[in-house]
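Structure first, then comments.
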Amino acid sequence: MDENLSHAVREVFVRLYEEGLIYRGKYIVNWCPRCETAISDLEVKHEDVAGKLWEIRYPVVGTDEFITVATTRPETMLGDTAIAVNAKDERYTHLHGQRVLLPLMKREIPIITDELAQPEFGTGAVKVTPAHDPNDFEAGKRHNLSQIDVMDEHAHMNQNAGAYAGLDRYEARRLVLVDLQQQGFLVGEKDYILGLGRCERCGTVVEPRLSPQWFVKIKPLAEHAIQVVENGEITIAPENFKQMYLNWMRNIHDWCISRQLWWGHRIPAWHCQNCHEVIVAREDPSQCSCGGKLEQDPDVLDTWFSSGFLPFTALGWPEKTRDQEVFYPSTLLVTAYEILFLWVSRMIMTGCYFMKDHQQDPAIKKASGWADKKDDSVPFRQVYIHALVRDADRQKMSKTKGNVIDPLDIIERFGTDATRFTLAAMAAPGTDIAFSESRTDGYRAFANKIWNAARFMFMNVDRIKPQRLPITGETRVTLHGFPGQPLEDRWIFSLFNRVVKDVNQALGAYRFHEAANRIYDFFWGSFCDWYLELIKARLNFEEGAEKSDAEAACQNLVMLFDASLRLLHPFMPFITEEIWHAMYEGDPPLKSIALTAYPDFDDTKVDLDAEYQMAILQDLIVNVRNVRAELKVEPKVKVPVEVFAHEPAIRAMIEQNRGAVERLANVEKIAFVDNSLAKQAGVRSTARFDVHVVYERKIDVAAERERLQKELEKLEKEFANNQRQLSNEQFLAKAPEKVVEGLRRRAQELIGLLDKIRRQLDGLDGTGANV
């Protein structure tokens, strides 16, 4: 109700009226008897309910015939002005142009032919009540039928309802049915599922009612609003909401903007009490040109009418201002799907119409990344429709169901960061969030993991006291050390860069769940579970490691941790802020980590060879751990292993990193052999190596045979699918070359693995075996 905004709203109304896009007329509107106002289609909530369908017969005047019609609202028949049949319906051809007697009211009404009646629906004949149904209203206009309104604004029957005047609509319905039954006009009653419209504000059943209202002729405004979404000037995410928006806009109806409420922007129209002229003006007129007294229209504007202008009226419109050059269009609108049509579409329509000559400051536009956009009339460049949070069973929360989750309670129990991360990790586009406390508890553990990793880093920094590098918060992280850096450093920095790329792409596409899960997998799995374990030996220079190597490892750890905190910060802002400040010992170069640069992808740091080698090393360590677990080897017992590497390069790589294998797999020593180990029991075979845990203990041959058999079945199934794809000519013609080549490589690997598994099964003698 700010004075400047009120002035802008009046200016919009007057302009649209002067340009023929606002008009006043008597039309069927959605009427709420409790709020006593018209409401728009979007403010009506529809639900399917069990109801009744009553069949009523109307006597044809001058004959012994009847026409039977069906209705779910028998009280409205008191306002019937015709019976409609389809011109092609041969059952009623002989009745064209005749009249029927309206039961209870004893009023003759015509039989008309109209497409409103469909021969295949019901009896093929329908009652026409122009004052109480939108379709009947249009039919009434086509046939110049009278409009008899039988209800008042409270949904009570008025004087046009005869003997039923003063009754509530439902009480009138009951008595109408009783009278129809007694007089022999009610011939049937059926169960029927009907769509019931309720007022969004109060839940009262809405009544279609003939009422004088103000409308916006909306299609001329919709055309440009459709175009800017179709050509990408505005993007809507997720994509399915874009199609919903376009479908609604292409089928849009004129917008009823007047409301019979006490609060709102009053309609700037005055009615002359003498000549009945309507004056719409920017300033309050004193009197009509005829000298008659003027009274301002008592209605107010729909709140969504003024809300639709917010993007430009808040920046000083209708005056041209510097704020408009800088801030219009805005970048992003985040909202919920239930107001996509109520608000978002109307902002787009009015913005495109009233700002069509607007030009954004080119420098601002370029800096915002929108230099390629041509249309500056749009109110925003992007719309993101966020998910709704539901309970764990995907039910909408409500007090009556008792399933409301208090976010403050969740935060108190699990922490703000864990709660925030849960919502992000479950925010898949186009689906609502089924909030899970177990997931939140898991992400609380993730926060603890981050904290413990930070303590490990600080402990080593304090102990090693390296020549610490300034942490500048650059978008790209740099690997420090010396030529021929250790495999784990090259691997983790390469992997981090690819994670950065994936996270940025996911955020750009509003796929928050993918970004969150990618960070989670990297930090917990790759960084904490692998990298920190791999560098421990290098950090322990007191136990033989070189001090310079320890310093390089510590510096890399600090740089990587800083970059990881910045990558994680949008998802877990509190813990990342706290640790980041601690890294600068309370004196950071900027007030907040949020002001630092977000990590950016650096393709020069991607080392696919390092990632390939580390994948083999991890596979080897995991396989040894699994065999130890199956053999129930005590955790403190170190065991020797034998390794057969399929390629000399793989053997050399394992040799170079034998220390890591021995520490992480608790191996006493590694012995390399020149022949396959596949026929021995207790062997794990992959496409790159065989590994045998040497442990003097009888194994359970039956269990080992069962394990191998399951592995064989799994590989055979994969190989069958692989061959099915490679034998499909259509697939081979359409699939990318890289995909086909990958399938062929995998086929060769599977052939080798299947052979190994079969040889291991043959090697089991059924009486027990040593491993």
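What the table shows:
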item	result
Using a Förster distance of 25 Å, the FRET efficiency for Glu737-Gln505 (Cβ separation, nearest 0.05)	0.65
Residues of region 72-102 with amide N under 19 Å of a point placed 7 Å along Cα→Cβ from Val178	73-78
Coarse-grained scattering of region 607-707 at q = 0.12, 0.22, 0.24 Å⁻¹, given as base-10 log I(q)/I(0) from a Debye sum over alpha-carbon atoms	-0.37, -1.20, -1.39
Region 253-371 shape via C-alpha gyration tensor axes, a/c threshold 1.5	prolate
Assigned charges on the beta-carbon of Lys, Arg, Asp, Glu; the chain dipole about Cα centre (debye)	1100
Virtual paramagnetic centre 7 Å along Cα→Cβ of His253, amide N under 13 Å, in region 133-175	133-139
Kirkwood Rh, angstrom, region 159-314 [1 / mean 1/r, Cα pairs]	20.9
Counted charge near Glu325, where neighbours are those whose Cβ lies closer than 13 Å (Asp, Glu -1; Lys, Arg +1)	-2
Pair Arg463, Asp609: separation of 7 Å Cα→Cβ label points (nm)	3.3
Karplus (6.51, -1.76, 1.60) ³J(HN,Hα), θ = phi - 60°, over region 713-729, in Hz, Gly and Pro reported as x	4, 4, 5, 5, 5, 4, 5, 4, 5, 4, 5, 4, 5, 6, 9, 8, 5
Cβ-derived FRET efficiency at R0 30 Å, Leu5 paired with Leu595, nearest 0.05	0.35
Region 591-720 - percent of accessible surface contributed by carbon and sulfur, probe 1.4 Å	51
Spacing of the two label points (7 Å from each Cα toward its C-beta) at Gln730 and Ala367, in nm	5.4
Positive dipole terminus of the chain, leading residue within Tyr598, Thr440, Phe327 (C-beta point charges)	Thr440
Carbon and sulfur %, accessible surface of region 491-553 computed with the full protein complex present, 1.4 Å	45
Cα-only radius of gyration and Dmax that characterise the chain, units Å	38.0, 117
For Ile67, distant residues with modelled amide H under 5 Å away	Tyr58, Val60
Additional length obtainable on full extension of the chain from Ser398 to Lys547, 0.36 nm per residue less Cα span	47.5 nm
Where the chain is the region considered: accessible area per residue in Å², 1.4 Å probe	49
Gained length - Val44 relative to Tyr170, 0.36 nm times residue gap less alpha-carbon distance	43.4 nm
Where the Cα pairs of region 343-455 fall when distances are cut into 10 Å bins, in %	12, 27, 20, 21, 19, 2
Mean shadow area of region 597-654 over all directions, Cα convex hull, nm²	6.9
From phi via Karplus (6.51, -1.76, 1.60), per-residue ³J(HN,Hα) for region 182-191 in Hz, x at Gly/Pro	5, 8, x, 9, 8, 10, x, 9, 10, 5
Carbon plus sulfur fraction of accessible area for region 283-413, probe 1.4 Å, in percent	52
Cα-based equivalent ellipsoid of region 1-80: semi-axis lengths in Å, sorted from largest, via gyration tensor	44, 19, 10
Accessible surface of Ile670 - all protein chains present, 1.4 Å probe, nearest 10 Å²	10
Scaled radius of gyration (Cα, divided by 2.2 N^0.38 Å) that region 138-247 gives	1.65
Accessible area in the full protein assembly, largest first, 1.4 Å probe, for Glu325, Glu11, Glu668	Glu668, Glu325, Glu11
Label-to-label distance, nm, for residues given as Asp357 and Arg651 (7 Å Cα→Cβ offset)	8.2
Additional length obtainable on full extension of the chain from Lys141 to Glu585, 0.36 nm per residue less Cα span	151.9 nm
Antiparallel bridges, percent of DSSP beta bridges restricted to the chain (to nearest 5)	80
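The values are calculated or read from the model by the stated rules, or taken from the named source; none is laboratory data. Please read these numbers as outputs of a predicted model, since none were measured by experiment. Neighbour counts are summed over all protein chains in view; Cβ atoms, including those assigned to glycine, are modelled from backbone coordinates with ideal geometry. These accessible areas exclude ligands, DNA and RNA; they are computed on the full protein's heavy atoms, side chains included. Shrake-Rupley method; radii C 1.70, N 1.55, O 1.52, S 1.80 Å.
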